Amino acid sequence: MPASFTSYEVTLVDGSSLLMRTLGSRLVFESSAERKYDVTLLKLKNSRVVKNFQTGGKNFDVDLISFMDEDTLYNVVISYEAYGMTVNNGDNLIFRNGNAIYFWRSENYEYNLGTTKELWTDDKSLKECLEPQNDIEADDPVIRGYAERIVKGAADDWEKVFRIYKFISSDMAYDKAQVKASAAGYQDSAIEVIRSGKAICEGFCNAFVALCRAQGIPAVVEFGIGFSDYNELTTRKPGHGDYADHAWAAVYLGGKWRFVDPTYDMARFLQEEKDVTTYNDSTKYYLLPLESFSNDHRIMDADTRHGVPVAGYCGTNHNGARFEITRDGVCHISGSGSLQLPAGITGFHTVVFEQDSHITEIGADCFRDCDLITVVILPDSVRQIKNSAFNTCEDLHYVRIPDNVDFIGEKAFIGCDELSYIKIPDSCSSIGKYAFEYCPRLYISVPSKLSDFAKDYDMKPMKTEVR
C-alpha cells in the first residue's frame, strides 16, 4: 500500500478550519463553522468528475468507496461560499485500498519537512520577512499604493491576503509569449509585474510577497519543483541532482506559515501581445497544508534573510574546503582545494572566504540557484570556475574574478540577469559555451583572444569590451 495519511486540517480562506479524516470507506469532515459545502470527487489522471455531493453543517461525511477503483488517485475538491463568492480547496488526493480509503502521502512530504525548517516564527525572523528585498520592493510608494487599494475595506488579515491573492491570480496574466521568447533574462520585480500585469511564476510571487509585506503580513518567495505531469507526480522521487524550476510563496497567517501558488491558480494566459485566454477562477492552491501542498510541490528553499545554521565539508575530500552558514545568512568558506557546496544549500545572502582559506576551484553547480547572493569576491587563490558554478543566481550583481583564473566553464553564469560587470583576466584561456548567456544587463570586459565567446548566444550581454 502507498504511504498515506488518515487525517489533516485544511484552512479555509476566511481562517476557519476543516478537519478531514478517512474512516473506512468514508471521508469525514469536521468544520469549525457551519456552512454549505460541495464535495467533488475527480479522477486525478484525467480530471474527470466521478461524483458530486452537496452537504453542510459542522460535521458530515460522504461514502466514496463505491465510486473508486483500486490503486487509482482521486482528487477531492471542496467548494464553499466566502467573501461573497464561491471558492474552492483542492489537491486533496485519496486512493482506495481494499474496503478503505486513505489520503495519499507523497514522497515529497518527508523532504519538505526538512526544507521548511527555515520558516521560523520568532519575532526577529518574522520581522525580516517584512523587509524589502531585491525584486520585492515592499516599502516602495507604488507597492504601498496598490496594496492599500486592493485591501481597502477588508475586515482582517485573512481577507487582505485573500484579496491580494485574487488580484495576482485573477487580474494578471501568465506571459506564455515571454516564456517562448527567452528562457531567462525576464525582469520580474514586484513593481514591474504590477505595472505590466503579466509575469511568470517568480514574478507573481514577488508581487504577492511585496503586497503582503506592505500590509505588515510576513511572506516569502519559495523555490523548488512543481509537478503537473501525472506520471512525474506519482513516480519522481527527490534526488541530489534536482534543481528548482518553479516558484510559489508562503504567508504567515493565524500563527502558522501557509503555502500558496498563484501560478497554479492563474485564470488568464497571454499567448501573444494581446491574445489572452481566460479560464475559471480557482483557489485550489491557496493556504494549503504541507500534507497536500507536497503532492505536487517539492520545496527546496525560501528567500529568507536568515540562514539555517549548518556546516560541513564541501570539497572533493574531507580534509579540504568547509562551509558554515550562520543565523545572519552568511556562508563562511574555509579550507583549501575545490569548493563544492552540497545540492540544496542555498539559504544565504553573503559569501565570505576566510583569510586562511586557499580555494583553488569553484566547483560545478557550486552556487547554482543561490538567489539571494548579490556580490561575490573570489580570493586570489582561485584558478578555475567550473560548469554552472553560478547558474541562475538571479540577484547577483557583481563577481570579482581574480587575475590568475585560467578557465570559466559552460553556463558558469547563465541566467544571472542582474549581473552588471565582469572583467575576464588576461590569464583566462577558455570561456565555456553559454557561460554568460541571458545576462541582459552585463558589461563584460574580455581579452582579444576571447572576443568571440558569445557568438552562439540567443541573448548576448548588454556590452562587450574587447581589450
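Any read-out appearing in this document is the output of simple, stated calculations on the displayed coordinates, not a laboratory observation. Because the structure is predicted, anything quoted here is derived from the model rather than measured. For neighbour counting, all protein chains shown are included, and Cβ atoms are generated from backbone atoms with ideal geometry for every residue, glycine included.
Observations on the structure shown:
- Inter-part distance where segment 338-353 and segment 49-88 are each reduced to a Cα centre, Å: 45 Å
- Potential lengthening of the chain between ASP328 and ARG467 amounts to 46.0 nm, from the contour at 0.36 nm per residue minus the alpha-carbon distance.
- Aspartates and glutamates with Cα under 16 Å of LYS423, excluding same-chain neighbours fewer than 8 positions away: ASP380, ASP403, ASP406, GLU437, ASP452, GLU465
- Taking 15 Å as the straight-line reach from the Cα of LYS45, the aspartates and glutamates in range (excluding those fewer than 8 positions away in the same chain) are ASP69, GLU70, ASP71, ASP91, ASP229, GLU232, ASP296.
- Computed from the C-beta positions of LYS45 and ASP242, the FRET efficiency with R₀ = 35 Å rounds to 0.90.
- For SER4, residues with placed amide H under 5 Å, excluding near neighbours: ARG105
- Which of ALA154, LEU126, VAL399, positive extreme of dipole for the chain (C-beta unit charges): ALA154
- Compared with the direct C-alpha span, the chain from LYS117 to LYS58 gains 17.9 nm at full extension, assuming 0.36 nm per residue.
- Overall, the chain carries a charge dipole of about 580 debye about its Cα centre when +1 sits on the Cβ of Lys and Arg and -1 on the Cβ of Asp and Glu, all other atoms neutral.
- This ranking places TRP104, TRP120, TRP248 by how few other beta-carbon atoms lie within 10 Å of each, fewest first, which gives TRP120, TRP104, TRP248.
- Evaluating kT/(6 pi eta Rh) at 4 °C and 1.567 mPa s, with the Kirkwood radius of segment 307-467 over Cα pairs in the Stokes-Einstein relation, gives 83 µm² s⁻¹.
- Loop-located chymotrypsin sites (Phe, Trp or Tyr not before Pro) in segment 1-95 (DSSP state not H, G, I, E or B) with no more than 15 neighbouring Cβ atoms inside 10 Å: TYR83.
- Look at the dipole of the chain built from charges on Cβ: of THR283, VAL193, ASN75, the Cα furthest out on the positive end belongs to ASN75.
- For the chain, with +1 on Lys and Arg beta carbons and -1 on Asp and Glu, the positive-most of CYS370, SER170, VAL87 along the dipole: VAL87
- Per-residue [θ]222 nm for the chain (sum of -39500 (n - 2.57) over DSSP H runs n ≥ 4, rounded to 500): -4000 deg cm²/dmol
- With a Förster radius of 25 Å applied to the C-beta separation of TYR457 and SER429, the computed FRET efficiency comes to 0.80.
- Zone residues, segment 1-38, relative to ILE65, backbone N less than 17 Å from point 7 Å out along Cα-to-Cβ: 1-2, 5-7, 21-29
- Relative to the Cα centre, the charge distribution of segment 108-302, modelled as +1 at Lys and Arg Cβ and -1 at Asp and Glu Cβ, gives a dipole magnitude of about 380 debye.
- Between the helical axis of 157-166 and the longest alpha-carbon principal axis of the chain there is an angle of about 70 degrees.
- Taking only the C-alpha atoms of segment 108-302, the Rg (one decimal) and the largest Cα-Cα distance, Dmax (whole number), read 16.1, 47 Å.
- The chain: angle of helix 201-214 to the longest principal axis, Cα-based, in degrees nearest 10: 80 degrees
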